[in-house]
Amino acid sequence: MAGTRPTVRRRRLAAKLVEFREQAGKSPQEAAERIGCHRTKINKIENARLGISLGELRDLLRFYGVDGDDALVEDMLSLARRSREPGWVQRAGLARPSLTDVIDYERTADYIRSYQGTVITGLLQTPDYARAVVSAPPSILAEEEIEALVESRIKRQEVLERTAPPRLCVIETEAALRLQVGGHQVMRKQLDHLETMAGNPSVEVQVIPDRAGAHAGLPGSFVLFGFPNPTYSDVVCIEHHTGVLYLETEEETAEYTLIFDSLRSIALSPGDSLDLIAKVRQDL
């Protein structure tokens, strides 16, 4: 129904349809004529306010010239079939969480708020630090699979290099700065990079010092995405060992917004946070 709140999958489906249409050089009016509907319906589908039938989806994929990729078509059909499921239904079947939706959200968000209690946020990690993080959990991943995960994580950082990058607000803990991920040399380079990125106009880094004691972030890390499309409400992303949890109701996102604001209030100012980062690096 058009009046319902779009789910995680419907939003991703809508974003991909817009991407495919634009790549094919087609207009919303041409898409509407293709499936025999009014342009308003295409607008609602692309804004995630309305679902799409499997027949209409197959027809549009053919029209956009992507029907030759069987895996991509099946992915899109799966999204359409499950587009009414709330985000908490998603569970990855592998040991590592599926980050497809996370990557899409990073690409389409205009405001990203990230709280990390034990590690540096992924969008600000160096390759060596990311490799140490990816390699830490017990797994049977081959070396090339680990490198692929690291490469993917670093490539995701390209969103910060765009002409109009999202605003990124990061809250780290002093414990995360001092945790010896990868050893002294890796941590020195990581802290150098964190300082450099904190100088980016679109990036703000704050650190919660150890002396702050107990705080609202103790239960775990999370990322809160905000979007320029008014149809899209905020989404909370919580990664865990076997999947990714998405929270998208108003009550849930409002609660995490309150938590993030609470953490910002006890964190050091951006300037004082930089001083602490420099001190921790000197202590290494």
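In this structure, PHE227 does not qualify as at pLDDT 90 or above and in contact with a Lys or Arg (Cβ under 9 Å, 6 or more places away or on another chain).
Residues that are of a type in the set (Gly, Ala, Ser) and over 26 Å from GLY217 (Cβ atoms) within the stretch 128-151 comprise SER139, ALA142, ALA148, listed in sequence order. Being in a helix (DSSP H, G or I) and in contact (Cβ under 8 Å) with a residue 12 or more places away in the chain is the filter; apply it to the stretch 195-212 and report the residue that is surrounded by the fewest Cβ atoms within 10 Å (Cβ to Cβ). Of everything passing the filter in the stretch 195-212, ASP210 is surrounded by the fewest Cβ atoms within 10 Å (Cβ to Cβ). Might you let me know whether the stretch 260-279 holds any residue that is in a strand (DSSP E or B) and acidic (Asp, Glu)? No, the conditions are met nowhere in the stretch 260-279.
Taking residues in the stretch 182-194 that are in a helix (DSSP H, G or I), and partners anywhere that are of a type in the set (Gly, Ala, Ser), the pairs with Cβ atoms closer than 7 Å and at least 6 places apart or on different chains are VAL186/ALA132. Does TYR115 qualify as being closer than 27 Å to LEU247 by Cα, in contact with a helix residue (DSSP H, G or I) (Cβ under 9 Å, 6 or more places away or on another chain), in a strand (DSSP E or B) and among the hydroxyl-bearing types (Ser, Thr, Tyr)? Considered against the rule, which asks whether it is closer than 27 Å to LEU247 by Cα, in contact with a helix residue (DSSP H, G or I) (Cβ under 9 Å, 6 or more places away or on another chain), in a strand (DSSP E or B) and among the hydroxyl-bearing types (Ser, Thr, Tyr), TYR115 comes out as yes. Among the residues of the stretch 62-85, not a single one is part of a helix (DSSP H, G or I), more than 25 Å from the chain's Cα centre (by Cα), surrounded by 13 or more Cβ atoms within 10 Å (Cβ to Cβ) and among the aliphatic types (A, V, I, L, M).
Rundown of residues vs (1) outside any helix (DSSP H, G or I); (2) β-branched (Val, Ile, Thr); (3) farther than 20 Å from THR108 by Cα; (4) in the same structural domain as VAL203 (by TED's automatic domain parsing), yes/no style:
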| site | (1), (2), (3), (4) |
| --- | --- |
| ARG131 | no, no, yes, yes |
| PRO138 | yes, no, yes, yes |
| VAL150 | no, yes, yes, yes |
| GLU158 | no, no, no, yes |
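Give HIS215, HIS240 a once-over and let me know the one that is in contact (Cβ under 8 Å) with a residue 40 or more places away in the chain, over 28 Å from ALA14 (Cα atoms) and surrounded by fewer than 19 Cβ atoms within 10 Å (Cβ to Cβ).
Result of the check over HIS215, HIS240: HIS215.
Six or more apart or on different chains, Cβ under 8 Å: which pairs go from a residue in the stretch 250-269 that's over 25 Å from GLU174 (Cβ atoms) to one that's surrounded by 13 or more Cβ atoms within 10 Å (Cβ to Cβ) and among the acidic types (Asp, Glu)? Could you list them? Partner pairs satisfying both residue conditions: THR253/ASP234. Here is the figure for the stretch 107-141: residues that are within 24 Å of GLU255 (Cα to Cα) and buried (at least 17 other Cβ atoms within 10 Å of the Cβ) total 13. Can you confirm whether the stretch 3-16 contains a residue that is closer than 27 Å to GLU106 by Cα, at pLDDT 90 or above and of a type outside the set (Lys, Arg)? The answer is no, given that none of the residues of the stretch 3-16 is closer than 27 Å to GLU106 by Cα, at pLDDT 90 or above and of a type outside the set (Lys, Arg).
The values are calculated or read from the model by the stated rules, or taken from the named source; none is laboratory data. A quick note: this is a predicted structure, and the numbers were derived from the prediction, not measured. In this analysis, Cβ positions are derived from the backbone assuming ideal geometry, glycine residues included, and neighbour counts consider all displayed protein chains.
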